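Student: Handing you this structure, nothing more for now.
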Amino acid sequence: MNEDDAIQLMKAHAAAWNAHDVDALLALMTQDCIYDAAAGKAPSGDRHVGHEKLGKAFAAIWQAFPDACWADAEHFVCGDQGFTTWTFRGTKAGGQAIEARGVDLLRFRDGRICHKDTLRKNVPA
């Protein structure tokens, strides 16, 4: 994949997150895609593998933060990897607003995302 195609893939990825569109997200990812979440029990966050588990994990984020958005996205590519920086903004059901900077570390294979590792600053609500 060339750099321009990778940037377009990353822009589509960011747009699908902000649209809360799980089908659009999964269409950008390989069937065996790995998603390492920003939080979880493991040091690298909870790991989800494959479309079914990714879809459930993504939907859970929007359920926890119904107004979730990832603003100020900037995309960078280096070979078969890229990263997107962003500012997460969301409000929990109890009314607690959160704003935190973060980054998605992405790997590409066959024109799609095959690994998404999300890192986010830990900002208390």
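Just so you know, all these numbers are worked out from the coordinates, no wet-lab data involved. Just so we're clear, the structure is a prediction, and the values are computed from it rather than from any experiment. Cβ atoms come from the backbone with ideal geometry, glycine included; neighbour counts cover every protein chain shown.
Student: From the list HIS48, HIS75, exactly one residue is in contact with a strand residue (DSSP E or B) (Cβ under 9 Å, 6 or more places away or on another chain) and within 17 Å of LEU26 (Cβ to Cβ). Which is it?
Tutor: Sole residue among the options that is in contact with a strand residue (DSSP E or B) (Cβ under 9 Å, 6 or more places away or on another chain) and within 17 Å of LEU26 (Cβ to Cβ): HIS48.
Student: Counting only residues that are farther than 17 Å from ALA16 by Cβ and in contact with a Phe, Trp or Tyr (Cβ under 7 Å, 6 or more places away or on another chain), which one in the range 88-97 is surrounded by the most Cβ atoms within 10 Å (Cβ to Cβ)?
Tutor: Within the range 88-97, the match that is surrounded by the most Cβ atoms within 10 Å (Cβ to Cβ) is THR91.
Student: What helices (runs of 4 or more DSSP H) lie completely within the range 1-80 and have 1 or more residues being touching a residue at least 40 places away in the same chain (Cβ under 8 Å) and either loosely packed, with under 15 Cβ neighbours inside 10 Å or among the β-branched types (Val, Ile, Thr) (or both)?
Tutor: Those helices (runs of 4 or more DSSP H) span 3-19.
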